[in-house]
């Protein structure tokens, strides 16, 4: 379950955002959202997908856990955006590098390179605290 991101949200600047209807899976806050043409649905788990629609701004539980929960997601598509990072490896993430994510969508040093709407997100800052984040420019 998602936890409050606290004061770190103040570092984010969203230029554009979209509202999408997510599929039945869980979508975590501050992680990439992908359109899966095979399902067809918007999903929070990258799998083999590498071009994200944007970064989810809040948590959406799985449909099986909360069948009455809204499936609408606010997805930031450009700006200076927060992406949750794997706390175990956040210190090794390189500022100025491309956004790479693990199988759960968290930023890591070496993972799957992700684009957002065909653009390459560049890491501007690594933020460590109760939760780890990277700030990416898209």
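Of all positions in segment 2-11, none carries a residue that is crowded, with 18+ Cβ neighbours inside 10 Å and either within 18 Å of residue 116 (Cα to Cα) or free of Cβ contacts under 8 Å to residues at least 12 places away in the same chain (or both).
Inspect all residues belonging to segment 28-39 and state whether any of them is within 25 Å of residue 129 (Cβ to Cβ), surrounded by fewer than 19 Cβ atoms within 10 Å (Cβ to Cβ) and either without any contact (Cβ under 8 Å) to a residue 40 or more places away in the chain or in contact with a helix residue (DSSP H, G or I) (Cβ under 9 Å, 6 or more places away or on another chain) (or both). Taking every residue of segment 28-39 in turn, none turns out to be within 25 Å of residue 129 (Cβ to Cβ), surrounded by fewer than 19 Cβ atoms within 10 Å (Cβ to Cβ) and either without any contact (Cβ under 8 Å) to a residue 40 or more places away in the chain or in contact with a helix residue (DSSP H, G or I) (Cβ under 9 Å, 6 or more places away or on another chain) (or both).
I'd like to know if segment 51-68 contains one or more residues that are assigned to a strand (DSSP E or B) and in contact with a helix residue (DSSP H, G or I) (Cβ under 7 Å, 6 or more places away or on another chain). The answer is no, given that none of the residues of segment 51-68 is assigned to a strand (DSSP E or B) and in contact with a helix residue (DSSP H, G or I) (Cβ under 7 Å, 6 or more places away or on another chain). Filtering segment 61-92 to residues that are under 16 Å from the mean Cα position of the chain (by Cα) and either under 25 Å from residue 110 (Cβ atoms) or free of Cβ contacts under 8 Å to residues at least 12 places away in the same chain (or both) leaves 76, 80, 81, 82, 83, 84, 85, 86, 87, 90.
Selection within segment 6-48: residues that are at positive phi and in a loop (DSSP other than H, G, I, E, B). The member of this set that is modelled with the highest pLDDT is 30.
Which of the residues spanning segment 45-60 are surrounded by fewer than 16 Cβ atoms within 10 Å (Cβ to Cβ) and either over 10 Å from residue 27 (Cα atoms) or in contact (Cβ under 8 Å) with a residue 60 or more places away in the chain (or both)? Let's see the steps before the verdict.
Step one: list which residues in segment 45-60 are surrounded by fewer than 16 Cβ atoms within 10 Å (Cβ to Cβ), which gives 47-48, 50-51, 58.
Once the filter is applied, which keeps residues that are surrounded by fewer than 16 Cβ atoms within 10 Å (Cβ to Cβ) and either over 10 Å from residue 27 (Cα atoms) or in contact (Cβ under 8 Å) with a residue 60 or more places away in the chain (or both), segment 45-60 yields 47, 48, 50, 51.
The values are calculated or read from the model by the stated rules, or taken from the named source; none is laboratory data. Source: prediction; values computed, not measured. Backbone-built Cβ (ideal geometry, glycine too); neighbour counts: all protein chains shown.
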